[in-house]
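Structure first, then comments.
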Amino acid sequence: MALTVMLLNGSSFHGGCCRHKVLLSLLGPFLSNSKLYSSYRRPGAEPEKKLSWQNADFSFKKSIDHLKTQLSLLKKETQDYLLGPGGHPLSQHLLEQTRVLWQFRSQEDLNKWVISSDEEIGGKSKVYLKLGRNNQAALLYGTLNTEVPRDGETKYSGYCSMRSRPAVGSFNRKKYYDWSNFNSLYLRVRGDGRPWMVNIYTDPYFSHQKDDLYSYFMFTRGGPYWEEIKIPFSKFFFSSRGRVQDNQHPVWLDKASFLTLGFTIGDKVDGPFQLEIDFIGLLKDRAHREEFAYEAYDKN
Amino acid sequence: MNPQAKLIFTSSLLLGTTITISSNHWIMAWTGLEINTLAVLPLISKSHHPRAIEAATKYFLVQATASILVLFSSMTNAWYTGQWDITQLTHPTSCLIMTAAISMKLGLAPFHFWFPEVLQGSSLITGLLLSTAMKFPPMTLLYMTSQSLNPTLLASMAILSVAIGGWMGLNQTQTRKILAFSSISHLGWMAAIIIYNPKLTLLNFYLYAMMTASVFMILNSMKALKLPTLMTSWTKMPSLSAILLLVLLSLAGLPPMTGFLPKWLIIQELTKQDMAPTAT
């Protein structure tokens, strides 16, 4: 207590420039160099040439344009609010049984998705996303390589994924979807026979839940014909940091906040893969009465 | 839930409520409020879903802050005036802080943000408890301190609550959130009249509690968590749907129903007190 008071007195007396030195002297044994974070960079990551704050562009005209865009978005949001829930009239919300969320007809639609692979951790898989023939579908293709990067700490490798960007409203606020009307995911895909994993990330309130994911499998046929795959939301199991949890619970869709949908391939088989997606939608399957597929007994 | 655990939580709720409503000393009132807060937390987080835990956390933080403010204002009042009696709250700062604290407990705007999310994260029966039983102790405190509350703050919070409760409830599709905003709106009505005629506040509260309890119980029997379920429930339970219609109209305050009575009397009282713009 007295030491802290003395330190604070010392720092306030000498001014701001010495506060850093005081802090460093306190933490001296824990620092090997002047940076307060580790400088280790994973093998696949790009070296940081410029710090993120140095990329800020202080142009006045650009900021005015940005403000105008955000204000127009806000105006549109207010008009949507006056129309009804989700920007549609209430009758549409009450009666709709299907809804198309993402369809791939232009480059703009492709920009709503982000692709990634194990290259980030030093692996050798490659993944690409482009528009298919006649701009009628998205083609996610690449090569899976399960060779483990030699950095001493990675044990497994070989995954490629495509995730949707979460929707942002005006002023970069999170947009919340209300998917409670629907109970299944409806995908029109043409795969190559490889199994994929469909992941749903609902942006949780607590930061320690940020690795939580709801997943299920999608087995593709590989034929020349398009497949229509229905995955009920009751089948999605809960996992955290890749580990399936014992306490399972269904994904609540009423405030599917900041939701991202992702497709991952990681079936431990080296070789090329390909997935064409026509559209992704939601379906209210009234024949599907299941609430949740796992842990159906009463726990408390 | 384990029957013994359920018994402990329910009896703690009753104990907390009884302690608060029968207390003369601020410390006892605070004790009752704290017991209530702690007892209802396991009921909110019963399903162990992350959203239910989130609701319980939000509820706890808000209620704990409000309890702190209650204790702080009663302590400052005791410091200045030497009085711990609930009805003898005289120091102006204490009155201001107490008004803010009780409105935080109740969920009056601008302290209402937690209420819809907490109600959405809990089950329908817990929502019923949160809307009616948990409002009872703070309402009693409001009644007992009615002469010493800050009128400006209370009137502005009342108007804001009624407005926000009405407008935010318009585009909702989840029934629990709709009922949360209706609760905020009704609390605004209750807060508007407390200075002039506290008995009308109590009348409004009792009628509101009965109507809300009926709505929650009907929704619970229909398992209607969202509007489309309500839309299709008439085929299975036509009489219950008809009764729900009547109860909801009563909650809205439409003339032939009982729910119109408190609104009418409040408007009449406000007009008598030269508060016609507020009445509008």
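Worth pointing out:
- When you restrict to C-alpha pairs under 8 Å that are six or more residues apart and normalise by the size of segment A:198-252, the relative contact order lands at 32 percent.
- Cβ neighbours within 10 Å from other chains - mean over B:225-236: 3
- Each peptide in A:239-245, A:195-201 receives the mean, over its residues, of other Cβ atoms within 10 Å, and ordering these scores from highest gives A:195-201, A:239-245.
- Each of A:GLN54, A:LEU82, B:ILE8 was placed along the dipole of the protein assembly as shown (beta-carbon charges, centred on the mean Cα), and the one lying farthest toward the positive end is A:GLN54.
- Residue-averaged 222 nm ellipticity for chain B, from DSSP H runs of 4+ at -39500 (n - 2.57), nearest 500: -24500 deg cm²/dmol
- Length-normalised contact order of chain B in % [C-alpha pairs under 8 Å, at least 6 apart]: 15 percent
- Label-point separation, A:LEU131 to A:PHE58 (7 Å along Cα→Cβ), nm: 4.0 nm
- Over 25 Å apart at the Cα level, from the set A:LYS174/B:LYS135; A:LYS76/A:LYS255; A:LYS68/B:LYS58; A:LYS230/B:LYS58; A:LYS175/B:LYS58; A:LYS76/A:LYS284, are A:LYS174/B:LYS135; A:LYS68/B:LYS58; A:LYS230/B:LYS58; A:LYS76/A:LYS284.
- Charge dipole magnitude, Cβ of K and R +1, D and E -1 - segment A:122-258, Cα centre, debye nearest 20: 420 debye
- Cβ-placed point charges (K, R +1; D, E -1), dipole of segment B:121-280 about Cα centre in debye, nearest 20: 420 debye
- Using the Cβ-Cβ distance between A:THR98 and B:SER11 with R0 set to 60 Å, the FRET efficiency works out to roughly 0.75.
- Cleavage-rule hits (trypsin sites (Lys or Arg not before Pro)) in segment A:85-171: DSSP loop, at most 16 neighbouring Cβ within 10 angstrom: A:ARG105, A:LYS112, A:ARG150, A:LYS155
- Averaged over A:246-255, number of beta-carbon atoms from partner chains that fall within 10 Å: 4
- Oblate is the label for chain B, because the ratio a/c of its alpha-carbon gyration tensor axes (a ≥ b ≥ c) is 1.5 or higher and a/b is not greater than b/c.
- Of all the options B:LEU71, B:LEU124, B:LEU203, the one that moves most in a Gaussian network model of chain B with Cα springs shorter than 10 angstrom is B:LEU203.
- Computed extension length for A:ARG165-A:ALA287: 40.8 nm, one decimal, from 0.36 nm per residue of separation with the Cα-Cα distance subtracted.
- Shape class for segment B:14-56, computed from the alpha carbon gyration tensor (a ≥ b ≥ c): prolate, with a/c not under 1.5 and a/b above b/c.
- Cα centroid separation, segment B:75-105 to segment B:1-59 (Å): 24 Å
- Taken about its Cα centre, the protein assembly as shown carries a charge dipole of roughly 620 debye when the Cβ of each Lys and Arg holds +1 and the Cβ of each Asp and Glu holds -1.
- Signed unit charges on C-beta, dipole axis of the protein assembly as shown, positive-most listed residue A:GLN245, B:HIS25, B:TYR208: A:GLN245
- Cut-off 16 Å, label 7 Å out along Cα→Cβ of A:LYS49, residues of segment A:112-149 by amide N: none
- Gyration tensor verdict on segment A:104-145 (Cα atoms; rounded if a/c is under 1.5, prolate if a/b is larger than b/c, oblate otherwise): oblate
- Segment A:97-283 - share of DSSP beta bridges that are antiparallel (%, nearest 5): 100 percent
Each value in this text was obtained by applying a stated rule to the coordinates, not by laboratory testing. If you're wondering where the values come from, they're calculated on a predicted model, not measured in any experiment. Positions of Cβ are generated from backbone atoms using ideal geometry, with glycine treated the same way; all protein chains shown enter the neighbour counts.
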